[in-house]
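Contents: one structure, followed by commentary.
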Amino acid sequence: MDNVLIVVDHLEAAKAFFAELGMELEGETTVEGRWVDRVVGLNDVRADIAMMRTPDGHSRVELTKFHTPPAVRAEPESAPANTLGIRRIMFAVDDIDDVVARLRSHGAELVGEIAQYEDIYRLCFLRGPEGIIIGLAEQLSNKSVTDVLGNP
């Protein structure tokens, strides 16, 4: 996977939120012109993009603020977990309590609660800026979920 796109209204708040997760700003640019229109299937696109890289360097989140045409909301901002479509991005963390506390300073709220899955993980979902839902997973043992569920 190269990256996941998240369209936002408040680019600076979204960048700060993902930076608090340990992601690094890889670069920023403004895109516009016919080539962008052709790729995204919209007319007269002008958008600011910030590319955030995970600490391991393997994945990226693209944050995009559309100036034209303006972004539209396809669902309620607080859509429930069973709404069709991409619901969350999961991040591995070393200390879930610390990360939750730091993200709360950026306005994040727990969707449910921090829960433990057997002796393998502590997990939670948080709603951040723009209604973005992220998951946090703190691995507790060397066992994996595949060890418990079995290989398909």
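For the reader, a short list of remarks on this structure follows.
- Note on segment 89-149: with charges restricted to the Cβ of Lys and Arg (+1) and Asp and Glu (-1), its dipole about the Cα centre is near 180 debye.
- When +1 charges are put on Lys and Arg Cβ atoms and -1 charges on Asp and Glu Cβ atoms, the dipole computed for the chain relative to its Cα centre reaches about 420 debye.
- Listed values for segment 18-33 are Karplus-derived 3J(HN,Hα) couplings in whole Hz (6.51 cos²θ - 1.76 cosθ + 1.60, θ = phi - 60°), namely 6, 5, 5, 6, x, 7, 10, 5, 8, x, 9, 7, 10, 10, 6, x, and x replaces Gly and Pro.
- Beta bridges per DSSP with both ends in the chain, % antiparallel, nearest 5: 75 percent
- The magnitude of the dipole of segment 49-102, with charges of +1 and -1 set on the Cβ of Lys/Arg and Asp/Glu and taken from the Cα centre, is near 340 debye.
- Gap separating the Cα centres of segment 1-65 and segment 81-107, nearest whole Å: 18 Å
- Kirkwood's formula applied to the C-alpha pairs of segment 89-149 gives a hydrodynamic radius of 11.9 angstrom.
Every number here is computed from the coordinates shown, using simple stated rules; none is lab data. Keep in mind the model is a prediction, meaning the values are calculated, not measured. Every residue, glycine among them, receives a Cβ derived from its backbone with ideal geometry; neighbour counts consider all protein chains shown.
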